[in-house]
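All of the numbers you see were taken from the coordinates with simple rules; none came from a lab. Given the structure is predicted, the values throughout are model-derived calculations rather than measurements. Cβ placement follows ideal geometry from the backbone for every residue including glycine, while neighbour counts extend to all protein chains displayed.
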C-alpha cells in the first residue's frame, strides 16, 4: 500500500459520502426530473443509476488491469454502453440504488487502498479518456460523479 493509494481511497470515500448525501436529500419529485435535454434524456434517477453501474464496471476494469488486462476494448462505444445499461434497475427502489452505490464505492475504495505505487502506475484503456494510469482511472471515478452532480444542481437551482 502506498500513500497515494491511501489518499485515493480516502477521497473516494469522502466524495462518495458527499454524493450519497446529495442524492438522499432529493425529493421523490426530483428523482423523476429530466436532467439532460440532449442525448439520453436521463432523469435524475437514471443519472444516479448510471453512476452506480459505471462505477461497478470501472472497478472490474481496474481489477482487470491488476490481473494483466489492457482495459476497455479499442472498439468500446461508451454511448452504446450507457444506452444499453442505464435504466435496467428502473423497478428498484431508490433506497436499493443508494445501497448499491454505497457498497460499490466501499469496494472501490478498498481496492484502491490495497494498491502499491507500481500498480497505480499500470496503464490501460479508460472508456472515455483512452490510455491512462490506474491511479488516474480511480480519480476519474469520483470526478465523474462530481460532473453529474454539478449538472443536477444546475437543474435544481
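Each label was represented as a point 7 Å from its Cα along the Cα-to-Cβ direction; for residue 139 and residue 106 these points are 2.8 nm apart. Taking the C-alpha atoms only, the angle from helix 3-24 to the longest principal axis of the chain is near 10 degrees. Estimated from the Cβ-Cβ distance and a Förster radius of 41 angstrom, the FRET efficiency linking residue 6 and residue 76 is about 0.85. Helical runs (DSSP H, four residues minimum) scored at -39500 (n - 2.57) apiece and divided by the length of the chain put the mean residue ellipticity at 222 nm at -21500 deg cm²/dmol. Here the peptides 109-115, 74-80 are ranked by packing, the mean other Cβ count within 10 Å, and the order with the highest first is 109-115, 74-80. With R₀ fixed at 30 Å, the C-beta to C-beta distance from residue 27 to residue 131 puts the FRET efficiency at about 0.10. Our note on the geometry: Cα centres of the stretch 38-80 and the stretch 116-154, 11 Å apart. Cα axis of helix 44-66 to longest principal axis of the chain: angle in degrees, 0 to 90, nearest 10? Its long axis makes an angle of about 10 degrees.
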